[in-house]
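Engineer: For reference, the structure I am asking about is given below.
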Amino acid sequence: MIITPLSYKGGEGKSTFAVHLAAWLNENARTALIDGDDNRIAVAWHATGKGLPFTVVGEGELAKASRTHEHLVIDTPARPKPEKFHELARSSDQIILVCQPRGMSLNALGAAIRDLEKLKVRYRVLVCRARPATHEAFDTLDALTRQGLPHFVNWIPEYIVAGKAFEQGRLCRDIDNAHALELWEAYGRVAQEVLNG
Ligand SMILES: Nc1ncnc2c1ncn2[C@@H]1O[C@H](COP(=O)(O)OP(=O)(O)OP(=O)(O)O)[C@@H](O)[C@H]1O
Ligand SMILES: [Mg+2]
């Protein structure tokens with residue numbers, strides 16, 4: 001399966017999600033993370049410390065990785081150029097629109113949804129980096145439901161351990177932090193929804 005997190009606005013949590021989704025999928029089936037962002041955040045993550053416990057390659061190696069891996073997760077740049085956006089949308093089995101549950105992010109989400117609907121491709125919205133002590137995740141999920149927009153039931157909380165995971169080149173579950181496992185499990189619940197289709 002080819003799974004592509006996308007967002008028009010930057011900084012929504014795509015790369016961090018892509019790394020942890022790939023980690024969860026790789027527990028049961030060989031999974032490669034394809035770094036399709038020129039900033040090469042996923043490649044840098046993998047190159048720090050001991051490295052991530054799954055394959056991480058640049059997008060030039062996608063075809064080769066597809067021969068030996070069951071799942072490909074593609075980390076994309078924010079607001080890819082329209083031609084690239086179309087290619088990614090058409091070539092993916094699952095498009096995941098990653099969005100923080102806040103003003104500017106929701107505006108950009110609306111634009112991405114309109115473009116995907118024009119292309120007639122299936123997508124789901126993932127609420128990401130929601131502040132745990134607030135209602136913002138629930139309010140946004142309610143609004144998505146009311147508008148009939150497809151979305152993941154589970155959401156990703158905002159915890160500082162996510163940034164530490166990148167800095168140390170590890171998964172959040174391997175960081176010594178009070179919220180490490182809670183964040184890891186949140187990514188796992190979304191990974192299960194991805195597998196359920
Ligand atoms: N669940 C989270 N909780 C807290 N911080 C997070 C979480 N996910 C990501 N972050 C932080 O938010 C920032 C942006 O995350 P990330 O790079 O994953 O987003 P992105 O959508 O890939 O950004 P870009 O569009 O620039 O590629 C980083 O500093 C990252 O550590
Ligand atoms: Mg990124």
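Engineer: Residues in segment 137-157 that are within 13 Å of ligand 1 (Cβ to nearest atom) and either closer than 17 Å to residue 109 by Cβ or part of a helix (DSSP H, G or I) (or both): how many?
Structural biologist: Matching residues across segment 137-157 total 3.
Engineer: Go through segment 158-178 and give me each residue that's assigned to a loop (DSSP other than H, G, I, E, B), under 19 Å from the mean Cα position of the chain (by Cα) and either in contact (Cβ under 8 Å) with a residue 24 or more places away in the chain or closer than 19 Å to residue 22 by Cα (or both).
Structural biologist: Listed by number, the residues that qualify are 158, 159, 169, 170, 171.
Engineer: Kindly indicate whether residue 11 is out of contact with any Leu (no Cβ under 9 Å at 6 or more places or on another chain) and not acidic (Asp, Glu).
Structural biologist: Criteria met by residue 11.
Engineer: Here's another thing I want to ask about it. Give the number of residues within segment 27-41 that are over 14 Å from residue 60 (Cα atoms) and near ligand 2 (Cβ under 10 Å from one of its atoms).
Structural biologist: Of the residues in segment 27-41, 2 are over 14 Å from residue 60 (Cα atoms) and near ligand 2 (Cβ under 10 Å from one of its atoms).
Engineer: Every residue in segment 134-165 that is surrounded by 19 or more Cβ atoms within 10 Å (Cβ to Cβ), farther than 30 Å from residue 114 by Cβ and within 16 Å of ligand 2 (Cβ to nearest atom), please.
Structural biologist: 165
Engineer: Tell me, yes or no, whether segment 72-94 has at least one residue that is surrounded by fewer than 22 Cβ atoms within 10 Å (Cβ to Cβ), at positive phi, among the basic types (Lys, Arg) and touching a residue at least 40 places away in the same chain (Cβ under 8 Å).
Structural biologist: Yes: one or more hits.
Engineer: Just checking: which of the helices (runs of 4 or more DSSP H) contained wholly in segment 19-134 hold 2 or more residues that are in contact with a helix residue (DSSP H, G or I) (Cβ under 7 Å, 6 or more places away or on another chain)?
Structural biologist: 41-47, 82-91, 103-119
Engineer: Would you point out which residue out of 52, 33 is within 13 Å of ligand 1 (Cβ to nearest atom), at pLDDT 95 or above and in contact with a Phe, Trp or Tyr (Cβ under 8 Å, 6 or more places away or on another chain)?
Structural biologist: 33
Engineer: Working carefully through the options 16, 4, find the one that is polar (S, T, N, Q) and either within 11 Å of ligand 2 (Cβ to nearest atom) or in a helix (DSSP H, G or I) (or both).
Structural biologist: Exactly one residue qualifies, and that residue is 16.
Engineer: Let me ask something else about it. Determine which member of the set 50, 64, 9 is charged (D, E, K, R), away from ligand 2 (no atom under 13 Å from the Cβ) and farther than 20 Å from residue 169 by Cβ.
Structural biologist: Answer to the selection: 64.
Engineer: Within segment 103-122, how many residues turn out to be touching a strand residue (DSSP E or B) at 6+ places or on another chain (Cβ under 9 Å) and either closer than 13 Å to residue 86 by Cα or surrounded by fewer than 20 Cβ atoms within 10 Å (Cβ to Cβ) (or both)?
Structural biologist: The number of residues fulfilling the criteria is 7.
Engineer: Answer with yes or no whether residue 81 is within 16 Å of ligand 2 (Cβ to nearest atom) and among the charged types (D, E, K, R).
Structural biologist: Yes; evaluated as a whole, the condition is true for this residue.
The values are calculated or read from the model by the stated rules, or taken from the named source; none is laboratory data. These figures come from a predicted structure and were not determined experimentally. As a convention, Cβ positions derive from the backbone with ideal geometry for all residues, glycine included, and neighbour counts pool all protein chains shown.
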